[in-house]
Amino acid sequence: MEIKGSIGIDIGSTTFKVIVLDSTKRIVYSKIMPTETVIVKQVNDLFSKELLEFKREEYRIIATGYGKEIIKIADRRFTEITCHLRGIFEEFRRSCTIVDIGGQDSKVIKCNQNGELVDFIMNDKCSAGTGRFLENIALRFNINISELGEIARNANIAQPISSTCTVFAESEIISLLSQGIRADEILKGLHLSLVKRIKSMVKSIGLEPPLILSGGVSLNPAIRELLGRELGVEPLVSVHPQFTAAYGAALLGLKKGN
Ligand code: ADP
């Protein structure tokens, strides 16, 4: 039987994303929400309430992300690397280097002109190069995460931060503030320290331009600007950067044989 479409679900550590495509690759449904503690309930609610119109026998279900194993009814599961690559290639159709900075991990993925994986590197061991680092900072400064980057971007200088670890950076922030250093300059320094971590990941596998940013942290203007400056390129940003892996998953579900 011909399928009517495909459901791509990306359960990240921070956000839960769903994209439904019809058979012509048109997006007919999308949703993003915070990932709940009991993911299995969130998945059950999604299928029993939100996705009822997309019948199980007519739509393929492809799961990715850190919680992909929890989706028991998935037809297939793919890694986030595969899904990011697929989503970005659909949008840009060229060889490139993808930087995906999510809530609890960051990845650099190199893609050739056919949309195939050339190389990748991933950091999921240390929060300092991830969105969680920025979330902690936003909490510490009592600033909304969506405003943090703009404040950092507008600072005149970046206060050097010597701590390489999120926990130690917190004590360094307190010490710098107590010395009267401006909060926006500390924020810029913290953004720069994250960017330098990503830069070294990019350098370790080599930059194949263009640099394309994906994942929630690419919504942060200071990260975009500083990463471009550090790498000497003008980064491109995926149109809906948090949905890239869910989109890629849904596209993979439309492919015959998957
Ligand atoms: P994951 O897929 O790993 O769950 P996401 O790709 O959704 O994570 O990225 C989550 C991160 O994106 C957060 O930790 C935060 O740093 C960042 N983020 C989310 N929304 C915004 C926003 N509006 N502006 C800036 N940064 C954001």
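Structure values in brief
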quantity	calculated
Residue within segment 206-222 that is touching a residue at least 12 places away in the same chain (Cβ under 8 Å), among the hydroxyl-bearing types (Ser, Thr, Tyr) and surrounded by 19 or more Cβ atoms within 10 Å (Cβ to Cβ) present	yes
Residue within segment 87-96 that is away from the ligand (no atom under 16 Å from the Cβ), small (Gly, Ala, Ser) and either surrounded by fewer than 16 Cβ atoms within 10 Å (Cβ to Cβ) or at pLDDT 95 or above (or both) present	yes
Selection status of Asn112, touching a strand residue (DSSP E or B) at 6+ places or on another chain (Cβ under 6 Å) and open to solvent by 30 Å² or more (accessible area, probe 1.4 Å)	yes
Test for Val28: is it surrounded by 12 or more Cβ atoms within 10 Å (Cβ to Cβ) and touching a Leu at 6+ places or on another chain (Cβ under 8 Å)	yes
Lone unmet requirement of (1) within 15 Å of the ligand (Cβ to nearest atom); (2) farther than 30 Å from Pro209 by Cβ for Thr64	(2)
Tally of residues being surrounded by fewer than 16 Cβ atoms within 10 Å (Cβ to Cβ) and within 13 Å of the ligand (Cβ to nearest atom) across segment 33-61	3
Hits in segment 10-32 - residues which are assigned to a strand (DSSP E or B), within 15 Å of the ligand (Cβ to nearest atom) and touching a Ser or Thr at 6+ places or on another chain (Cβ under 7 Å)	Asp10, Ile11, Thr15, Phe16, Val18, Ile19, Ile32
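The values are calculated or read from the model by the stated rules, or taken from the named source; none is laboratory data. Just so it is clear, the model here is predicted, and its values are computed rather than measured. When we count neighbours, we look across all protein chains shown, and the Cβ atoms used for this are built from the backbone with ideal geometry, even at glycine. Ligands, DNA and RNA are excluded from the accessible area calculation, which covers all protein heavy atoms including side chains. Shrake-Rupley method; radii C 1.70, N 1.55, O 1.52, S 1.80 Å.
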